[in-house]
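Only the coordinates and a few stated rules stand behind these numbers; no lab work does. On a predicted model such as this, the values are computed, not experimentally measured, just so you know. Methodologically, a virtual Cβ is constructed for each residue, glycine included, from the backbone with ideal geometry; neighbour enumeration extends over all protein chains shown.
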Amino acid sequence: MFSYPDYITFPVTSTTTLLSYSIFAAIIFKQSERGKINAYIAPITISNCCYILRKPASHKKIVNNLRKLLIITRITSISKQDVILTLYSKFNDLEDALQRCSAISHSKIDIILTRNVKDFKNSEIPVMTLEAYLKARSVELNI
């Protein structure tokens with residue numbers, strides 16, 4: 001089981017980075033769709049997706065794709081207490097801290113998958129890149 005906080009929320013630094021990250025994300029979501037893993041996302045992920053995709057995609061397309069995403073993932077919650085803990089955490093990135101608190105408050109999440117592992121160095125839950133997670137599980141890297 002995992003929390004996937006960075007779905008479409010990463011800065012694109014190169015075509016290679018985007019392509020390889022997208023492939024790993026597609027494999028993770030395919031694993032979730034097939035029931036091999038339980039994928040969780042934080043509520044903030046939905047608003048991040050809308051924000052990032054607002055220019056390249058229409059509102060209708062964004063909403064339709066988010067509906068599909070919600071079929072194969074579960075959503076954690078963020079309470080007022082989570083927000084307070086976030087504000088007192090050692091995280092420099094508020095968004096990452098909210099995602100971490102959301103994962104911690106959900107007892108079934110045992111790992112956070114992210115492109116940006118270094119931002120989660122203060123996380124109580126283990127953190128891995130998507131590629132490392134897939135390799136550790138010996139998942140074939142094709143869809």
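As a proxy for reagent exposure, ranking ASP110, ASP119 by other Cβ atoms within 10 Å from fewest up yields ASP110, ASP119.
Bridging of LYS68 to aspartates and glutamates at a Cα separation below 13 Å is possible for GLU33, once same-chain residues fewer than 8 apart are set aside.
What FRET efficiency comes out for the pair SER77/SER138, r = Cβ-Cβ distance, R0 = 30 Å, nearest 0.05?
Working: r = 32 Å, r/R0 = 1.07.
My answer for the efficiency is 0.40.
If R0 equals 22 Å, the separation of the Cβ atoms of LEU94 and ASN122 corresponds to a calculated FRET efficiency of about 0.95.
In a fully extended conformation the segment linking LEU70 and LEU87 would gain 3.3 nm over its present Cα-Cα distance, using 0.36 nm per residue.
Quick one: what do you get for segment 2-136 if you divide its Cα Rg by 2.2 N^0.38 Å?
Details: Rg = 14.4 Å, N = 135, 2.2 N^0.38 = 14.2 Å.
Compactness ratio reported: 1.01.
Look at HIS106, HIS59 and count the other Cβ atoms within 10 Å of each Cβ; fewest to most, that gives HIS59, HIS106.
Using the number of other C-beta atoms within 10 angstrom as an exposure proxy, rank THR129, THR114 with the fewest first. Display every interim value, and only then the final one.
On the way: THR129 16, THR114 26.
Arranged by neighbour count, lowest to highest, THR129, THR114 become THR129, THR114.
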